[in-house]
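Trainee: Pasting a structure here, questions to come.
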Amino acid sequence: MIKRTIFTFIFIAIVIFSNAQIVIKGRVVDSKSDAAIANASVYLNNTSIGAITNARGEFIITTSSIYSGELIISSIGYQALSYRLANQDADKHTYTFKLDIKENELKDVLIMNDVTREQWLKIFKDNFLGITEEGDNCKIKNLKAVYFTTGKDKNTIYAYADSPLIIVNKMLGYKISFDLIEFSFNKSNNSTYFIGYNRYEELGDKKRWIKRRRENYFGSTMHFYRSLISDSLKEEGYSILAVTKRQITDTLKREKKWEITKKDTFVTQPATARTILFSDGTGNYYLKADGKITVNYNKVPHTKAYLVNKVFVEGLNHYYGFTAYINLMSDKVGLDKLGIIIDPLQVIYNGYWVYEKMGNQLPFNYKPD
């Protein structure tokens, strides 16, 4: 069984870029025969950092950081493998990865006419790529690989892909290979969930896209988490409010008797990085708030004008930037020292950031020039 990772439309990049080089090397073989697998893709998830195995199944990756530490190994006809690298000794081993042959999975594929399929594909693209200008201009080269399936919830659309989706983002200058493991869209509450592995490749000279990438970076979740780690929220244009749970006492008289009851209430109050971000003692951090963090950005992001013209969103026309919400699904949400959420399942986003998905995402190794 492979180790999966969730892909949310919110990913966080690094704060500190080290000059030290880390060399990751190893070999990819067939799990049954130990035969070398040539042309296998080995990469750090959600980055442009990776390598292709040679005829002997060997690979070498040189990087300044392991970012999230999730190394993905994949090859056509084999089940993808996810391996978590250890920060302290990622380059102290020669790895051997054994891939299992992918078995044909029997899924309840929905049979639909062309009109219905086009309608469902539009829902899929809007909620996978996003409805921003970048999302609308992304092209999935192999949409035929996407299938829709039945599920427990009739109000939810489920999809999967039988091969990695090839996404061309000409506005940001990336070709993305996305191994979609699972996708769902709930029509009742408009919530989207998808998981998978992805690798970025430059479409050409990255200098062509410097301006557009910078525009997408400022005001993104990537920018916010870097600002949080460096304790520079105010300087970068952010202010935050934290929800705090308090217990209040009610005193009520019933039939000549006084009843004292206690109940929880939630209070929203201004916060700083120091009031929601804490060290775990290992060099990493964790976020802590009793439920939700409100993020206000006082600058107008590049993506806003297109959204205002395309859709009506309550609160979107404010003269200031935007408001977004981070819902913490755990008492402590781990954040590594490079600013990456360790378990994205523990975070749900609402507000402005909901509209930015794959079409606006930048790789973990991106930094504004």
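The values are calculated or read from the model by the stated rules, or taken from the named source; none is laboratory data. As the structure is a prediction and not an experimental result, all values here were calculated from the model. Note that each Cβ is placed from the backbone with ideal geometry, even for glycine, and that neighbours are counted across all protein chains shown. Each accessible area value is taken on the protein alone, full model and side chains, heavy atoms only, with ligands, DNA and RNA left out. Shrake-Rupley method; radii C 1.70, N 1.55, O 1.52, S 1.80 Å.
Trainee: With an 8 Å Cα cut-off and a minimum separation of 6 or more residues, compute the relative contact order for the chain in percent.
Mentor: 20
Trainee: For the peptides 89-99, 338-348, what is the packing order when you average, over each peptide's residues, the other Cβ atoms within 10 Å and list the highest mean first?
Mentor: The peptides rank, most packed first, as 338-348, 89-99.
Trainee: May I pose another question? Given labels modelled 7 Å from the Cα in the Cβ direction, how far is it in nm from Ser33 to Arg84?
Mentor: Between Ser33 and Arg84, the label points sit 3.3 nm apart.
Trainee: Based on the Cβ-Cβ distance from Leu121 to Lys175, what FRET efficiency comes out when R0 is 22 Å, to the nearest 0.05?
Mentor: 0.60
Trainee: What does the accessible area per residue of the chain come to in Å², with a 1.4 Å probe and no ligands, DNA or RNA counted?
Mentor: 53
Trainee: For Thr268 and Lys332, calculate 0.36 nm times their separation in residues minus their Cα-Cα distance, and state this gained length in nm to one decimal.
Mentor: 21.2 nm
Trainee: Shape call for the chain from the C-alpha gyration tensor, a ≥ b ≥ c root eigenvalues: rounded (a/c under 1.5), prolate (a/b greater than b/c) or oblate?
Mentor: prolate
Trainee: If packing is taken as the average count of other Cβ atoms within 10 Å, what order do 210-221, 357-368 fall into, highest mean first?
Mentor: 357-368, 210-221
Trainee: Tell me, what % of the accessible area of the chain is carbon and sulfur with a 1.4 angstrom probe?
Mentor: 50
Trainee: Going down the list Lys25/Lys292; Lys32/Lys152; Lys92/Lys139; Lys139/Lys187; Lys141/Lys367, which pairs span over 32 Å between their C-alpha atoms?
Mentor: Too far apart for the 32 Å limit: Lys25/Lys292; Lys32/Lys152; Lys92/Lys139.
Trainee: Tally Lys and Arg at +1 and Asp and Glu at -1 over the other residues with C-beta under 11 Å from the C-beta of Arg208: what net charge comes out?
Mentor: It works out to a net charge of +4.
Trainee: Another question, then. Compute the signed sum of charges (Lys and Arg +1, Asp and Glu -1) over the other residues within less than 12 Å, Cβ to Cβ, of Lys139.
Mentor: +2
Trainee: Here is a follow-up. Tell me what the chain gives for mean residue ellipticity at 222 nm when only DSSP H runs of n ≥ 4 count, each as -39,500 (n - 2.57), the sum divided by the residue total, rounded to 500 deg cm²/dmol.
Mentor: Calculated mean residue ellipticity at 222 nm is -3500 deg cm²/dmol.
Trainee: Along Cα→Cβ, 7 Å out, is where each label goes; now give me the distance between the ones at Ser230 and Asn155 in nm to one decimal.
Mentor: About 4.3 nm separates the two model spin labels.
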